[in-house]
Amino acid sequence: MTFTLPPQFASRARVAEPLSRHTSWHVGGPADIFFTPRDREDLLSFLRILPSEVPLLWLGLGSNLLVRDGGIRGVVICTREALVALERRGERGVHAEAGVPCAKLARQCARWDLGPAEFFTGIPGTVGGALAMNAGAFGGETWRQVVSVETVDRHGVVRERSREQFRIGYRHVDAAANDEWFLAANLHFEAGSSESDTRALLERRRQTQPIGEWSCGSVFTNPPGDHAARLIETAGLKGLRIGGAVVSTKHANFILNEGAATAHDIEQLIRQVQQEVARQHGCQLTPECRIAGEAA
Ligand SMILES: Cc1cc2nc3c(=O)[nH]c(=O)nc-3n(C[C@H](O)[C@H](O)[C@H](O)COP(=O)(O)OP(=O)(O)OC[C@H]3O[C@@H](n4cnc5c(N)ncnc54)[C@H](O)[C@@H]3O)c2cc1C
């Protein structure tokens with residue numbers, strides 16, 4: 001890439017930053033430029049000077065992203081220290097910028113006595129990532145709470161878009177326009193939340209999922225009327241291993257990096273699980289996690 005970073009942005013940009021430091025799987029090669037804006041204005045100024053041929057990848061907490069070992073050509077924009085405003089707007093409205101952690105949104109909604117937001121508690125990503133993925137848990141889903149979003153395009157032009165401008169599905173969002181990313185969401189809740197619900201949901205996760213280990217949560221979406229975990233488990237794939245990557249024995253839809261896995265190990269294991277489940281059950285599993293970057 002021939003792009004030279006203007007000096008006014010140099011202090012917030014790291015060159016050849018290993019993305020293994022920024023993903024929950026702890027794998028991923030270097031980003032050419034890893035940019036952490038100071039704030040929203042800084043981000044918009046940066047986008048306005050960025051040549052349109054430079055590829056862009058937005059990153060929240062990297063909890064649903066498999067970055068390949070060769071890394072990312074172009075610029076990675078890291079939202080989690082820049083877009084952190086979280087405000088109550090009116091009686092039941094909440095304005096949350098893209099870098100706000102979902103767990104913080106859940107806690108603050110509980111303090112404001114607004115819900116349902118408990119389901120955000122155990123999702124270890126940002127609001128931006130939750131919007132991109134339509135993240136959800138225990139019956140709750142991000143976009144059910146969305147009234148509108150603020151987006152920005154690669155020229156730094158900000159727009160407000162209503163929920164109706166997006167096609168929303170299970171762990172899927174069709175963006176209103178190509179090359180627009182989320183700056184913030186205007187969310188709507190009802191009065192009433194329950195802290196005991198939050199504790200119960202966290203406890204349920206701890207009992208059923210390998211929490212605290214290096215993963216991206218569920219690797220595959222559930223096919224209609226079934227569960228990816230059931231299909232993987234009954235295909236006898238729990239404990240299947242490639243290099244340092246292994247199918248969790250606690251929850252079959254989790255792939256763990258035991259410490260020394262490469263992104264290649266994980267991607268190969270994803271493919272092998274898909275092939276085996278297709279062979280034994282005739283069902284093609286679709287990865288929920290996003291896969292980005294170049295092979296080593
Ligand atoms: C232990 C564990 C448990 C999990 N449990 C759940 C769960 O219960 N439910 C669930 O849905 N998910 C779950 N996940 C997956 C993950 O936490 C969610 O998908 C989360 O919403 C991802 O947010 P993030 O900020 O980490 O996004 P990232 O992983 O950083 O990015 C994910 C995708 O979103 C894009 N993106 C990020 N920010 C923006 C933005 N501002 N604008 C546009 N695109 C953006 C990225 O480019 C990428 O394509 C779990 C993950 C782990 C590790």
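The values are calculated or read from the model by the stated rules, or taken from the named source; none is laboratory data. Keep in mind the model is a prediction, meaning the values are calculated, not measured. Heads up, the Cβs are rebuilt from the backbone with ideal geometry, glycines too, and the neighbour counts pull from every protein chain shown.
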task = Using the structure shown, decide if Val75 is within 15 Å of the ligand (Cβ to nearest atom) and either of a type in the set (Asp, Glu) or crowded, with 20+ Cβ neighbours inside 10 Å (or both).
result = yes
remark   = His188: passes all of (1) surrounded by 15 or more Cβ atoms within 10 Å (Cβ to Cβ); (2) in contact with a Ser or Thr (Cβ under 8 Å, 6 or more places away or on another chain); (3) at pLDDT 95 or above but (2)
request  = Output the number of the condition that Gly139 fails; it satisfies all remaining conditions of (1) more than 12 Å from the chain's Cα centre (by Cα); (2) touching a residue at least 24 places away in the same chain (Cβ under 8 Å).
outcome  = (2)
ask   = In the list Ser215, Ser193, Ser248, which residue meets the criterion of being closer than 30 Å to Trp112 by Cα and small (Gly, Ala, Ser)?
value = Ser193
Any pair with Cβ under 7 angstrom, 6 or more apart, that starts in region 201-222 at a residue that is within 16 Å of Ile255 (Cβ to Cβ) and ends at one that is within 10 Å of the ligand (Cβ to nearest atom) and part of a helix (DSSP H, G or I) = Ile211/Arg205
request  = Tell me the strands (runs of 3 or more DSSP E) entirely within region 57-160 that contain at least 1 residues that are at positive phi.
outcome  = 72-78
query = Residue check: is Ile33 β-branched (Val, Ile, Thr) and either surrounded by fewer than 16 Cβ atoms within 10 Å (Cβ to Cβ) or within 12 Å of the ligand (Cβ to nearest atom) (or both)?
reply = no
From Leu183, Leu201, Leu256, residue being among the aliphatic types (A, V, I, L, M), under 30 Å from Ala278 (Cβ atoms) and either within 11 Å of the ligand (Cβ to nearest atom) or surrounded by 13 or more Cβ atoms within 10 Å (Cβ to Cβ) (or both) = Leu256
task = Working carefully through the options Ala98, Ala103, Ala135, Ala130, find the one that is within 15 Å of the ligand (Cβ to nearest atom), at pLDDT 95 or above, over 14 Å from Phe189 (Cβ atoms) and touching an Asp or Glu at 6+ places or on another chain (Cβ under 8 Å).
result = Ala135
note = Restricting attention to region 215-238, the residues that are touching a strand residue (DSSP E or B) at 6+ places or on another chain (Cβ under 6 Å) and more than 16 Å from the ligand (Cβ to nearest atom) number exactly 2
task = Kindly indicate the residue of region 160-171 that is loosely packed, with under 15 Cβ neighbours inside 10 Å and of a type outside the set (Ser, Thr, Tyr) and also farthest from the ligand (Cβ to nearest atom) among those meeting that condition.
result = Glu164
key: Members of region 91-126 found to be under 17 Å from Glu288 (Cα atoms) and among the hydrophobic types (A, V, I, L, M, F, W, C), listed by number   = Ile123
message = So, Ser45, is that one of a type in the set (Gly, Ala, Ser), farther than 27 Å from Arg171 by Cβ and assigned to a helix (DSSP H, G or I) or not?
response = yes
ask   = What's the number of the condition Ile232 fails, among (1) over 30 Å from Ala82 (Cα atoms); (2) under 21 Å from the mean Cα position of the chain (by Cα); (3) crowded, with 18+ Cβ neighbours inside 10 Å?
value = (2)
The listed residue being among the hydrophobic types (A, V, I, L, M, F, W, C), in contact (Cβ under 8 Å) with a residue 12 or more places away in the chain and within 29 Å of Gly244 (Cβ to Cβ), out of Leu44, Leu66 = Leu66
message = Of all residues being without any contact (Cβ under 8 Å) to a residue 60 or more places away in the chain and within 16 Å of the ligand (Cβ to nearest atom) in region 78-92, which is nearest to Ala191 (Cα to Cα)? Just the residue, please.
response = Leu86
